[in-house]
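In what follows, a single structure is set out as structure tokens and then discussed.
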């Protein structure tokens with residue numbers, strides 16, 4: 001669901017960079033091009049942050065940074081539980097015609113622990129294999145169930161599902177072997193020297209000092 005995807009991405013962005021201000025969250029999500037593949041309107045991000053704060057999933061701190069007011073967000077315990085629920089559900093669920101929820105969840109897997117990711121993706125693999133089998137059987141058993149162009153479209157979906165299965169098996173091997181990093185691991189990747197993430201990290205450290213004070 002679009003609402004769940006938006007909530008998941010916003011909670012995930014805060015969890016990745018907290019404490020973080022609203023402009024930084026908006027800029028980061030736009031760098032992920034969520035307006036193109038997740039149908040998130042850039043102008044709706046601040047409203048969504050307010051909504052998540054009202055629900056208790058985020059905590060807002062109103063600070064004065066270099067003489068100007070700034071709203072800084074952290075994720076609450078309840079928000080983190082909601083985030084993990086949304087990510088896990090989206091990793092496990094297979095939608096034959098729409099992969100947006102999975103893409104959104106997969107962008108946030110470094111926030112989960114390795115055993116949880118293995119469990120989520122293993123369940124997805126089982127669902128994927130069952131879906132492929134059922135869809136393939138339906139097309140083969142009823143080749144005239146729909147106009148030829150519709151059957152051709154179903155075969156395209158089947159090919160995509162089969163390709164994802166190959167990719168998912170390889171991915172699970174990488175997860176199990178430690179090739180990818182997750183919560184509690186030391187990342188073996190860093191952004192480029194001119195990446196805005198470095199400024200976000202500097203701001204995060206300053207915000208933490210201000211919150212302690």
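The values are calculated or read from the model by the stated rules, or taken from the named source; none is laboratory data. Predicted, not measured: the structure shown is a model, and the values here were computed from it. Glycine also receives a Cβ, built like all others from the backbone with ideal geometry; neighbour counts cover every protein chain displayed.
Out of the stretch 66-79, which residues are in contact with a helix residue (DSSP H, G or I) (Cβ under 8 Å, 6 or more places away or on another chain) and more than 21 Å from residue 205 (Cβ to Cβ)?
79 - this is the single residue of the stretch 66-79 that is in contact with a helix residue (DSSP H, G or I) (Cβ under 8 Å, 6 or more places away or on another chain) and more than 21 Å from residue 205 (Cβ to Cβ).
Could you please let me know if residue 79 is at pLDDT 95 or above, closer than 20 Å to residue 14 by Cβ and in a helix (DSSP H, G or I)?
It is true that residue 79 is at pLDDT 95 or above, closer than 20 Å to residue 14 by Cβ and in a helix (DSSP H, G or I).
Out of everything in the stretch 103-117 that is assigned to a helix (DSSP H, G or I) and in contact with a helix residue (DSSP H, G or I) (Cβ under 6 Å, 6 or more places away or on another chain), what residue ends up being surrounded by the fewest Cβ atoms within 10 Å (Cβ to Cβ)?
111
Might you let me know whether the stretch 135-149 holds any residue that is under 22 Å from the mean Cα position of the chain (by Cα), without any contact (Cβ under 8 Å) to a residue 40 or more places away in the chain and loosely packed, with under 13 Cβ neighbours inside 10 Å?
No, the stretch 135-149 has no match at all.
Applying the selection to the stretch 91-121, what residues are assigned by TED's automatic domain parsing to the domain that holds residue 8 and within 16 Å of residue 165 (Cα to Cα)?
91, 92, 93, 94, 95, 96, 97, 98, 99, 102, 103, 106
Here are the criteria: (1) under 30 Å from residue 26 (Cβ atoms); (2) modelled with pLDDT under 95; (3) not assigned by TED's automatic domain parsing to the domain that holds residue 19. Tell me which single one residue 48 does not satisfy.
Exception for residue 48: condition (3).
Of all residues in the stretch 27-45 being more than 15 Å from the chain's Cα centre (by Cα) and within 20 Å of residue 197 (Cα to Cα), which is surrounded by the fewest Cβ atoms within 10 Å (Cβ to Cβ)?
Selected residue: 42.
Would you be able to say whether some residue in the stretch 169-190 is assigned to a helix (DSSP H, G or I) and not assigned by TED's automatic domain parsing to the domain that holds residue 135?
No, there is no match, as no residue in the stretch 169-190 is assigned to a helix (DSSP H, G or I) and not assigned by TED's automatic domain parsing to the domain that holds residue 135.
Return a yes/no flag: does the stretch 35-54 have any residue that is farther than 24 Å from residue 102 by Cα and part of a loop (DSSP other than H, G, I, E, B).
no
Could you tell me whether the stretch 38-45 includes any residue that is modelled with pLDDT of 95 or more and touching a helix residue (DSSP H, G or I) at 6+ places or on another chain (Cβ under 6 Å)?
no
For the stretch 191-203, enumerate the residues that are free of Cβ contacts under 8 Å to residues at least 60 places away in the same chain and in a loop (DSSP other than H, G, I, E, B).
Passing the criteria: 191, 192, 193, 194, 195.
Which one of 124, 206 is touching a strand residue (DSSP E or B) at 6+ places or on another chain (Cβ under 8 Å) and either in a helix (DSSP H, G or I) or in the same structural domain as residue 28 (by TED's automatic domain parsing) (or both)?
206
Among the residues of the stretch 16-34, write down those that are under 20 Å from residue 110 (Cα atoms) and either outside the structural domain of residue 103 (by TED's automatic domain parsing) or not in a helix (DSSP H, G or I) (or both).
18, 19, 20, 32, 33
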